[in-house]
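> Attaching a single structure in structure tokens format; questions to follow.
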Amino acid sequence: MEETLEQALSQVEAIFALGKDGPPLDESAIVALIADRVSELLEEQPGYLMSLLYRLDVLEEKILPVVRGQSEEPIPLALARLIWERQKQRIATRRQVKPLPMDEETEEWRW
């Protein structure tokens with residue numbers, strides 16, 4: 001599994017308490033695992049799920065069509081895909097954008 005996918009999976013596992021054990025998974029298996037957890041949260045803790053989506057920075061404009069049933073996929077699967085894609089985007093962005101170091105004397109960011 002490539003490094004980006006491993007990092008994304010690690011973050012998603014921690015956030016959604018997936019408890020994945022066993023061999024590395026491919027992307028479709030990861031999305032299915034997330035979808036199972038999303039399905040549980042939709043049933044038991046929908047408010048918490050929405051909080052997680054917000055915290056993961058999944059765009060509302062992408063979530064709304066899914067929860068309104070305008071997706072061709074079942075809601076848990078469509079939300080899982082959004083979550084997975086967003087995690088991969090976040091990791092790619094972190095690799096591209098490196099923060100400037102702090103000036104140790106003034107403890108301010110160097111511009």
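> Working from the alpha-carbon coordinates of segment 3-96, get Rg over Rh, Rh being the Kirkwood radius.
Ratio value, two decimals: 0.95.
> So if R0 is 22 Å, what FRET efficiency would residue 68 and residue 48 give, r being the distance between their Cβ atoms, rounded to the nearest 0.05? Can you show the working numbers first?
Numbers: r = 20 Å, r/R0 = 0.91.
Step by step, r from the Cβ atoms, then E = 0.65.
Quick note: the coordinates plus some simple rules give every number you see, no bench work behind them. Note that the structure is a prediction, hence the values are computed from the model and not measured. All Cβ positions, even for glycine, are placed from backbone atoms using ideal geometry, and neighbour counts span all protein chains on display.
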